[in-house]
Amino acid sequence: MIEPLPITIIPDPFEGHAGFVRRLATVNGLAPRHLLAACGCFTLRRWEDEHWHALRALAGHERSHDFAYQMFRRHRVTKSWHRPTIEFLGNPIRHTFIASTTVRICPTCVSQNGRMKEIWNLHHVTACPEHHTMLVDRCRCGARLAHDDTQTAWSCRCGQPWGELNSAEASPQLEDISMWISGAFGVEGRGHRPEALSEASPLDLLCVIDTVMTAASTPPEQDRRLGSKSSVHDPKTGGFSTKVAIAEIADHLKDAHQYLVQWPDSYFRLLDRIAGRNEAAWDEAGRSRQGLNARQLFATQVGQAIRVPSLNLEGRPNPLLFDAADQYCRNRHGFRLRRIRPAHENEAVWRCGQRA
């Protein structure tokens, strides 16, 4: 039986577990690493069921505040084509969409109320709409703000308090995308998403943003032909390194914003840039070939991600990406994309990870 700590606090809805651990440790005069050790865990990155139960017991909330705990508790979703898929803020998403090693904060939020929002841990959320500033993941000393720095609660290893870090003003484009994602998870209302994207699930919305961002920010010379061993960031696998800086992701998101705001017409402009970006689409005289099929028209790695979008939880291609690309091919090139059959419901098929 784990006894509660002398001082307990209530977890806020949509608060990240890393921030709650730091808050609970601070009010009890502990270093976060001591609280983690009491939970039987020594990192904020990998938590099992017994660690969550121990945290609830230490906080004195074994039978209360279920909503907040269920929201910031992460666990694997077993029946999914995006394996491993994590339930994040009550919604299943790809684990590669989460910045698992780097702390991402709004210094103003931290200094004013000592809160860290779980939504900040998504790669594609780069701004705090409340304060109109960029999130921060680097200290002034140049070091990354790391989840495993648990010697102190709210400062870098160099001693710099997180709440005193400088944060640049966020562009309207980055604020828009951050609000769209927050709205999809129910954190900031509906987030005023473009009408065509307003009903998308969080997973589908993130896949759309990720695919468009990759396509918009990949120049032709870096878009490798199919079969090449080297590759650009692949939307189907979520190829972000866990150490990619917010500033780099933000640059890519700014490129993507213009192709998202008036979906799908704005997306068609991007497809005009991608289609035919390979030697199979041109003859020896440098003229565009006629009668191309989808594989020839999109014969690069970015093109393949457009032609064969990532699958959703039901095993179907992302409907927003597939329907837009199909409409583009039908109107511009006179053919339709081949539809992938949905995944079979047979439990054995799911377990083997094979499509029917």
Rounded if a/c under 1.5, otherwise prolate or oblate - the stretch 128-217, Cα gyration tensor axes
prolate
What ³J(HN,Hα) values, in whole Hz, does the Karplus curve 6.51 cos²θ - 1.76 cosθ + 1.60 give for the stretch 141-151 when θ = phi - 60°, with x put for Gly and Pro?
6, x, 6, 5, 7, 10, 4, 7, 7, 10, 5
Going fewest to most other Cβ atoms within 10 Å around each Cβ, Cys139, Cys207 line up as Cys139, Cys207
Mean separation of Cα contacts under 8 Å (6+ apart) over length of the stretch 86-195, as relative contact order %
26 percent
Long-range HN-HN contacts of Thr133 with modeled amide H, under 5 Å:
Cys128, Ala170
Given backbone amide H placed at 1.01 Å from N, residues whose amide H is under 5 Å from that of Ala146, ignoring those fewer than 5 places away on the same chain, are Val103
Mean-position separation - Cα centroids, the stretch 1-56 and the stretch 89-109, in angstrom:
18 Å
Amide H to amide H under 5 Å from Ser155: which residues, 5+ apart in sequence or cross-chain, H placed 1.01 Å off N in plane?
Trp162
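All of the numbers you see were taken from the coordinates with simple rules; none came from a lab. None of the values given here were measured: they were computed from a predicted structure. Counting neighbours? That spans all protein chains shown, and the Cβs are built from the backbone with ideal geometry, glycine included.
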